[in-house]
1. Quick one: if you stick a label point 7 Å off each Cα along the C-beta vector at THR93 and GLU31, how many nm between them?
2. For LYS84, list the lysines whose Cα falls under 27 Å from its own Cα; do not include residues on the same chain fewer than 8 positions away.
3. Could you compute the FRET efficiency for GLN83 and GLU112, with r as their C-beta to C-beta distance and R0 at 25 Å, rounded to 0.05?
4. Once you have the Cα-Cα distance between LEU41 and TYR58, take 0.36 nm times their residue separation minus that, and quote the gain in nm to one decimal.
5. Whose amide H sits under 5 Å from the amide H of ASP74, counting only residues 5 or more places off or on another chain, with H placed in the peptide plane?
Amino acid sequence: MSAINSSQLQINEASKQVITISSRAAKRIKELLAKREKPSLGIKVGIKTGGCSGYSYYIEYADVKGDFDEVIIDKGVTVLVDQKAILYLVGTTMDYIEGKFNSGFEFSNPNEKHRCGCGKSANF
C-alpha cells in the first residue's frame, strides 16, 4: 500500500459549493432585495416537479431558513438551497441574462441529463 501525500487530498473548494452565483446574478438579486418592502434573508433556490422535462427551477424570496436548507453566501448574496434540491444542484452556476426581448435568471447545471427546448425545465 502506498502512502498518500497531502496534495492528493486537496479538494477544490468551488466543487463543494452547491451553487455559485455570477456577478450579474448577484447584482440583480441585490437590486430585487433592495426594492422589496419586506426584509429578506436572501433568496431561496430549489427544484419542483413540472415543465416538459420533469423538473423546473424556482427562485423566491427567503424570509425564513428551513431546518435543513443549505446556506450559501456568494458575492454578498445569501442563497438558501432547498434541502430536497441539494443533490440535484451541486456544481450549478446561476447567472442573470439580459436580452433584447427576454431577461431572467439562468441555471447551468452539470447534473442535467436533458433540458427542454424552451430551457425552462430539465431532467436529472
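No value in this document is a laboratory result; all are computed from the given coordinates. In this text, all values refer to a predicted model and were calculated from it rather than measured experimentally. In this analysis, Cβ positions are derived from the backbone assuming ideal geometry, glycine residues included, and neighbour counts consider all displayed protein chains.
1. In this crude spin-label approximation the distance works out to 2.1 nm.
2. In chain and number order, the partners are LYS16, LYS27, LYS30, LYS38, LYS44, LYS48, LYS65, LYS75, LYS113, LYS120.
3. 0.80
4. Values: separation 17, 0.36 × 17 = 6.12 nm, distance 1.66 nm.
Full-extension gain reported as 4.5 nm.
5. Distant-sequence amide H within range of ASP74: VAL79.
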